Amino acid sequence: MLALGSTARHGAADPGAAFAFGLLVVVGELARWGAGGDREAAPLGTAGALAYALLGQDAGQPTQHGVLQVVAVTVAGTLVGCVPHVARGDGPSLDHMARRVLTVGFAAVCFQPLYNRGEVEEWFGHGSRYALLVVGLLALTALCDAVLAAAMAHARTRWPFGPLLRDELRAMLGIGSAVCATGAVMALAVAVAGLWALPVISLPLLLTQLAFRRYSAVRATYRQTIASLARATEIAGYTPHGHAHRVAALSRSVGRELGLSEPDLTVLEYAALMHDIGQLSLLDPVARGATANLTPAQQRRIALLGGAVVRQTGVDAQVAVVVERQADPYREQPLAARIVRTANAYEEMAREEGPQGPLAALERLRLGTGRDYQPEVVEALARVVVERGLSLGSAG
């Protein structure tokens, strides 16, 4: 509000540049898509806003805009561009918009005061050192954005901060690096060639965004295919309705609690969805699909057959390993297999025990930590169930 009010009162410095970059933010926001979670959904708009924050010259002429005008242009462009999305009911969240404004404001605070006082020109000139300054500030801004995104996710979910930050930093290697590179090239190109450089520089990022969007669609289809395969045991009458999805949701929450990274969580989720696929080899279904009550030899046979089936589907080999190892003694299992085994046993036990099922199931799991279940996994499961209030019915 301060930035918008100040810019409206005093007028925009270099109105042509303000309009051009504001229009670029609008176009970027119009081209946004749901990338999932807190991932950047409007890369062109973000790149344009960052370029404006680090813009020192326009076709060789020094610019006069400051931090407040950068924030005002970013906010105004974002608000205008998100109107059609809001009308359709899929507008950006306030958290997402606030994070973008804070990130762009951080970049502007690092650059604009120094540039307007002439210190950037005095220290770095206009050559390669100036370009390195712009790239370095963008890298620092990207780090700030990753920390901010992880902090917001931690405050919202209470998941461990370290793994969340690691996931955000890893995500920067994808579309995030393209955003930073485009922002740097925009700021440097406009300084030399003027505002006509903006549409030329924007085209590669738009093409990258299109490719990334298609990749996201393929991944979504891939997950839907796995989820459909997981329902085969339900359709055949081997497991209760929704069992695989409840175990997958619970396993992912426990994995988050234990600090697994996003790629490991994906493997864990896929393995949990397909953990019962080996039951299709049985002549007679297990009562209520409760494999936790079978003998170790029977559990291992089902797990090995399930792993063989998973390998034939073309799914990541790591998923097959988790499915195969879920029936081994926990000291011999990878962590993902320990989580799947514990989450599956909890879901089955809680279903059998009636209204007191969750607490009774946790007690039985704690009694089985000598051989069957890792104590740390059981306690993480207990925190997910009790502290976050995930009942058996809501885990899916």
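What to note about this one:
- Annotation: per residue accessible area for the chain equals 46 Å², rounded to a whole number [probe 1.4 Å, protein chains only].
- Here segment 226-278 is described by how far its Cα atoms reach on the three principal axes: 35, 15, 15 Å, from widest to narrowest.
- With the simple spin-label model, which puts each label point 7 Å out from Cα in the Cβ direction, the V192 to T225 separation comes to 4.5 nm.
- The chain - percent of accessible surface contributed by carbon and sulfur, probe 1.4 Å: 64
- Near the amide H of D58, within less than 5 Å, lie the amide hydrogens of T63, all on another chain or at least 5 residues away, with H placed in the peptide plane.
- Rg followed by Dmax, in Å, when segment 91-177 is reduced to its Cα trace: 15.5, 46
- Rounded to the nearest 10 degrees, the inclination of helix 128-157 to the longest alpha-carbon principal axis of the chain is 40 degrees.
- A Stokes-Einstein calculation at 37 °C with viscosity 0.692 mPa s, built on the Kirkwood radius of segment 1-117 over Cα pairs, returns a diffusion coefficient of 230 µm²/s.
- Under the Karplus curve 6.51 cos²θ - 1.76 cosθ + 1.60, θ = phi - 60°, whole-Hz ³J(HN,Hα) for segment 310-325, x wherever Gly or Pro sits: 4, 4, 6, 7, x, 6, 3, 4, 4, 5, 4, 4, 4, 4, 5, 8
- Percent breakdown of C-alpha pair distances by 5 Å bin, ordered from the shortest bin, for segment 219-307: 3, 14, 23, 24, 18, 12, 5, 1
- Quotient of the Cα radius of gyration of the chain and 2.2 N^0.38 Å, N being its number of residues: 1.22.
- Peptide ranges 141-149, 19-27 listed from the most packed, as the mean C-beta count within 10 angstrom indicates: 19-27, 141-149
- Shape of segment 215-371, Cα gyration tensor, a/c cut at 1.5: rounded
- Between the Cα long axis of helix 161-171 and the first principal axis of the chain there is an angle of about 60°, rounded to the nearest 10.
- Computed with the Debye formula from one identical point scatterer per Cα of segment 146-269, without solvent, the log10 of I(q)/I(0) at q = 0.12, 0.18, 0.23 Å⁻¹ comes to -0.68, -1.06, -1.24.
- Each of the peptides 314-327, 248-261, 90-103, 44-57 was scored by the mean count of other Cβ atoms within 10 Å over its residues; in descending order, highest first, they stand as 44-57, 248-261, 314-327, 90-103.
- Kirkwood radius and radius of gyration were both taken over the C-alpha atoms of segment 285-344, and their ratio Rg/Rh is 0.96.
- By the helix-only formula, in which each DSSP H run with n ≥ 4 contributes -39500 (n - 2.57) and the sum is divided by residues, the chain has a 222 nm mean residue ellipticity of -22500 deg cm²/dmol.
The values are calculated or read from the model by the stated rules, or taken from the named source; none is laboratory data. The model shown is predicted, which means the values in this text are computed figures rather than measured ones. Positions of Cβ are backbone-derived with ideal geometry, glycine not excepted, and every protein chain shown enters the neighbour counts. Side chains are part of the model used for accessible areas, which takes the heavy atoms of the whole protein and leaves out ligands, DNA and RNA. Shrake-Rupley method; radii C 1.70, N 1.55, O 1.52, S 1.80 Å.
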